[in-house]
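Below is one structure; the comments refer to it alone.
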């Protein structure tokens, strides 16, 4: 079952999501002395990541992965890892970062990142975004990538630029211990209602989710 946490302002939702992530990270480290977490791109998570970076956590025991990456050259302003570096990684000191080499192209990058993901039993946390069409990571409705059950998959013909991407698969996200989504209801209210009704959407295919959203205006 999805768990819904609704806040008056988006900033409040972002702070609460950061608190949950910190709690889950701590619990995981207490249990097995490490934590493996996948992160999103886009604009919605920026403030949450900034809040998370302010927390006093044993960052050297956290292993960071990407839920997806856009096939742009390293350092491109639209790459997810550039945003993550700015708002999180550059602010937490020593840590373990595993970037997707998306500059190699979807097939080769997915092949290389598979080697990274398959070294661990499963991800402990997947912090994800959600698009207005119900996509998450780079798993878009009606895209062929939805039928690829390898751990990391190439994505072609994305309806959002760039057309070529790399993504964790539905199968990988289903096996993840905890899934967290932070999103604003302002532009996604109708999609959130469809999700609550259990509609067959990529975001509804990955398992139970901790949802952090703001109130509809």
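Worth pointing out:
- When region 1-92 is reduced to its Cα atoms, the Kirkwood hydrodynamic radius in Å: 14.1
- Set against the labelled values (1) -0.31, -0.48, -0.69, -1.41; (2) -0.46, -0.66, -0.87, -1.35; (3) -0.31, -0.47, -0.66, -1.28, log10 I(q)/I(0) by the Debye sum over Cα atoms at q = 0.09, 0.11, 0.13, 0.18 Å⁻¹ computed from this structure falls on (1).
- Helix-derived mean residue ellipticity, 222 nm - over the chain, DSSP H n ≥ 4, -39500 (n - 2.57), to 500: -9000 deg cm²/dmol
- Translational diffusion of region 167-211 was estimated from the Stokes-Einstein equation, with Rh taken as the Kirkwood radius over Cα pairs; at 20 °C and 1.002 mPa s the coefficient is 189 µm²/s.
- Alpha-carbon centroid distance for the pair region 1-78 / region 120-155, whole angstrom: 17
- Rounded, prolate or oblate (a/c below 1.5 giving rounded, otherwise prolate when a/b exceeds b/c) for region 131-202 by Cα gyration tensor: oblate
- Computed label-point distance, nm, for sites residue 150 and residue 11 using a 7 Å Cα→Cβ extension: 4.4
- Its relative contact order, with pairs defined as Cα atoms under 8 Å and 6+ residues apart, puts the chain at 26 percent.
- A Gaussian network model of the chain, with springs between Cα atoms under 10 Å, assigns the largest mean-square fluctuation among 48, 28, 71 to 28.
Values quoted throughout were computed directly from the atomic coordinates according to the rules given, and no laboratory measurement underlies them. Note that the structure is a prediction, hence the values are computed from the model and not measured. Please note: Cβ atoms are built from the backbone with ideal geometry, for glycine as well, and neighbour counts cover all protein chains shown.
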